[in-house]
Amino acid sequence: MRKKFIMPINIMKRILRDEGAENVSLESAEALSKVIEEKSRQLAKKAVELTRYNKRKTVKARDIELANKM
């Protein structure tokens, strides 16, 4: 049974090809998807912390941007 990825594998393959890869294995696309998901969750967690620190309930673009700089 294959794992379901948040980021579609065909998008990961396209990103790798856009960056110059001639051939892209399924495993490499899955690995990229996993890494992006992990990084996205870390970023989201920091952004939510910033939102709460500022006594807001809505995560704003500036929270994401600031969390990315941290």
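A few comments on the model shown:
- Restricting Leu16, Leu50, Leu43 to those that are within 13 Å of the chain's Cα centre (by Cα) and surrounded by 15 or more Cβ atoms within 10 Å (Cβ to Cβ) reduces the list to Leu43.
- Subset tally (residues that are within 22 Å of Ile6 (Cα to Cα) and not polar (S, T, N, Q)) for the range 37-62: 13
- Restricted to the range 22-40, and to residues there that are surrounded by 13 or more Cβ atoms within 10 Å (Cβ to Cβ) and of a type in the set (A, V, I, L, M), the residue that is nearest to Lys69 (Cα to Cα) is Ile36.
Any read-out appearing in this document is the output of simple, stated calculations on the displayed coordinates, not a laboratory observation. Keep in mind that what you see is a predicted model, and the values were worked out from it rather than measured. Note that each Cβ is placed from the backbone with ideal geometry, even for glycine, and that neighbours are counted across all protein chains shown.
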